[in-house]
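Single-structure report; data block below.
The values are calculated or read from the model by the stated rules, or taken from the named source; none is laboratory data. Since this is a predicted model, take the numbers as computed values, not measurements. Reconstructed Cβ throughout: ideal geometry from the backbone, glycine too, with neighbour counts over all protein chains shown.
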Amino acid sequence: MINRETIDKIMDTARIEEVVGDFVHLKKRGTSLIGNCPFHGEKTPSFHVSVTKGIYKCFGCGKGGDSVRFIMDHEKYSYPEALKFLANKYNIEVEEAELTPQDAEAQSAKESLYIVSQYAATFFVKQLWETDEGKGIGLSYFKERGFREDILKKFEVGYSPDVWDALTQSATNAGHKLEFLESTGLSIKNDNGKIYDRFRGRVMFPIHGFTGRVVGFGGRTLKTDKNVPKYVNSPESEIYHKSNVLYGLFHAKKAIRDLDNCYLAEGYADVLSVHQAGIENVVASSGTSLTVEQIKLIGRFTQNITILFDGDAAGIKASLRGLDMVLEEGLNVKIVSFPDGHDPDSYMHHVGAGAFKTYLENNRKDFILYKANVLLKDAGDDPIKRAGIIRDIVESIAKIPDPIKASVFVRESSNLLEIEEKILMSELNKMRSNKVKKSFESNQRAQSN
């Protein structure tokens with residue numbers, strides 16, 4: 001247990017605006033700081049931080065408390081874990097009395113998943129930099145791709161040997177329990193009871209959680225065998241929920257907040273390349289479809305998101321269909337698409353850091369207008385297709401909660417689509433009315449059940 005003197009020191013040192021500010025984009029309003037509540041979905045800020053009182057309070061969901069309570073609620077930590085988190089943030093040495101075996105076991109189960117994940121990350125890094133296989137295969141791959149050593153070390157990129165159980169053997173020999181290796185998905189037990197490593201012969205990208213701890217991994221094969229999946233990712237676990245995690249956010253959150261914009265890429269290598277170009281406000285959805293939880297995560301730091309599209313027409317059209325939910329969350333969305341055949345990673349290495357940054361600055365387009373242009377090009381002069389596109393665009397505009405922004409897009413879309421503004425506005429109002437009606441009917445059914 002942490003002694004009283006240490007607890008008092010932590011409580012005296014921790015500043016509520018600094019603790020909350022690591023997780024929530026705060027703005028000054030009167031004597032308070034306000035932001036969107038991280039505990040429930042909202043588009044209008046109701047989350048207040050009082051610097052003088054040292055507390056936070058959400059007037060939407062009711063959550064409130066001091067710095068320790070915030071970390072407990074946000075990170076799902078126990079009281080001792082939250083104190084240790086704050087002690088680490090403020091470089092305070094923690095003095096503890098010995099725990100009972102029961103207390104130690106209860107606290108250590110989840111913590112063991114973090115510890116074994118960090119062990120694996122360190123193991124993979126050592127394999128990349130210190131072994132012949134790692135240097136000859138993994139490191140040479142990254143160097144051929146043009147990645148600098150400082151970027152690889154910043155993101156703790158590593159290599160998993162092409163051996164059945166290299167990590168499993170190393171971890172268990174170091175005293176880590178097999179149950180935790182299996183719980184994190186690092187080790188797998190087959191039907192015959194044989195234990196083997198999930199990631200074998202792959203370059204490794206550790207996935208950091210919001211506070212910088214390793215929660216999972218992505219592994220890329222370097223083999224050309226089409227039967228081998230190009231990427232393998234950690235499964236869901238008690239510490240890793242992929243829909244709630246954005247790759248690179250831990251390294252990007254300060255830059256996102258400072259620059260009031262977040263670049264969203266698709267893959268791990270994209271994030272590394274954009275960082276190498278000197279642009280740190282970038283994250284990736286790690287190859288999975290963007291989720292509402294991930295959008296809300298970005299919304300804590302900025303209301304502006306710029307999505308980086310690969311130069312693949314079919315892929316762009318498929319991605320466009322899933323982006324209306326970004327509008328629905330009230331974020332301002334811009335698009336940058338790269339020349340055909342390029343993604344952010346390949347294009348940065350193709351043109352160099354300076355030209356890449358210039359390209360991003362000069363080629364950002366509003367999502368609605370970009371979507372309209374892409375779909376119109378595909379429709380050509382077909383009146384049926386054009387009518388469908390017009391409805392599609394109006395549906396996207398209908399997702400925007402801010403009526404002023406929506407009306408601006410209606411006006412601009414009217415010119416682009418060559419259709420009267422009042423017709424678009426009539427269609428927009430009809431869609432919104434139907435949405436309200438469906439919501440009302442759904443609530444009525446819920447109440448009657």
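Miscellaneous remarks
- Residue 153 vs. criteria surrounded by fewer than 16 Cβ atoms within 10 Å (Cβ to Cβ) and either within 22 Å of the chain's Cα centre (by Cα) or at positive phi (or both): yes
- Meets criteria (in the same structural domain as residue 395 (by TED's automatic domain parsing) and over 24 Å from the mean Cα position of the chain (by Cα)) for residue 379: yes
- Condition check for residue 333: in the same structural domain as residue 276 (by TED's automatic domain parsing), modelled with pLDDT of 90 or more, not in a helix (DSSP H, G or I) and not hydroxyl-bearing (Ser, Thr, Tyr): yes
- All conditions but one from (1) farther than 14 Å from residue 274 by Cβ; (2) surrounded by 17 or more Cβ atoms within 10 Å (Cβ to Cβ) apply to residue 336; the one that does not is (1).
- Condition check for residue 368: out of contact with any Phe, Trp or Tyr (no Cβ under 9 Å at 6 or more places or on another chain), buried (at least 17 other Cβ atoms within 10 Å of the Cβ) and closer than 23 Å to residue 405 by Cβ: no
- Verdict on residue 185 being touching a Pro at 6+ places or on another chain (Cβ under 6 Å), closer than 17 Å to residue 123 by Cβ and either surrounded by 21 or more Cβ atoms within 10 Å (Cβ to Cβ) or not assigned by TED's automatic domain parsing to the domain that holds residue 271 (or both): yes
- None of 273, 286 is among the polar types (S, T, N, Q) and in a helix (DSSP H, G or I) except 273.
- One residue from 348, 325 being touching a residue at least 60 places away in the same chain (Cβ under 8 Å), in contact with a helix residue (DSSP H, G or I) (Cβ under 7 Å, 6 or more places away or on another chain) and within 15 Å of residue 266 (Cα to Cα): 348
- Given (1) surrounded by fewer than 16 Cβ atoms within 10 Å (Cβ to Cβ); (2) over 22 Å from residue 241 (Cβ atoms); (3) not aliphatic (A, V, I, L, M), number of the condition residue 40 does not satisfy: (2)
- Among the residues here, residue 279 qualifies as in contact (Cβ under 8 Å) with a residue 60 or more places away in the chain, buried (at least 17 other Cβ atoms within 10 Å of the Cβ), more than 21 Å from residue 397 (Cα to Cα) and aliphatic (A, V, I, L, M).
- Residues that are hydrophobic (A, V, I, L, M, F, W, C) and surrounded by fewer than 19 Cβ atoms within 10 Å (Cβ to Cβ) within segment 48-71 comprise 51, 55, 59, 61, listed in sequence order.
- Taking every residue in segment 197-224 that is in contact (Cβ under 8 Å) with a residue 12 or more places away in the chain and more than 18 Å from residue 239 (Cα to Cα) and pairing it with any residue that is basic (Lys, Arg) and part of a loop (DSSP other than H, G, I, E, B), at least 6 positions away or on another chain, the pairs with Cβ-Cβ distances below 7 Å are 201/223; 220/230; 221/230.
- Here the condition is being touching a strand residue (DSSP E or B) at 6+ places or on another chain (Cβ under 7 Å) and at positive phi; of 319, 286, it holds for 286 alone.
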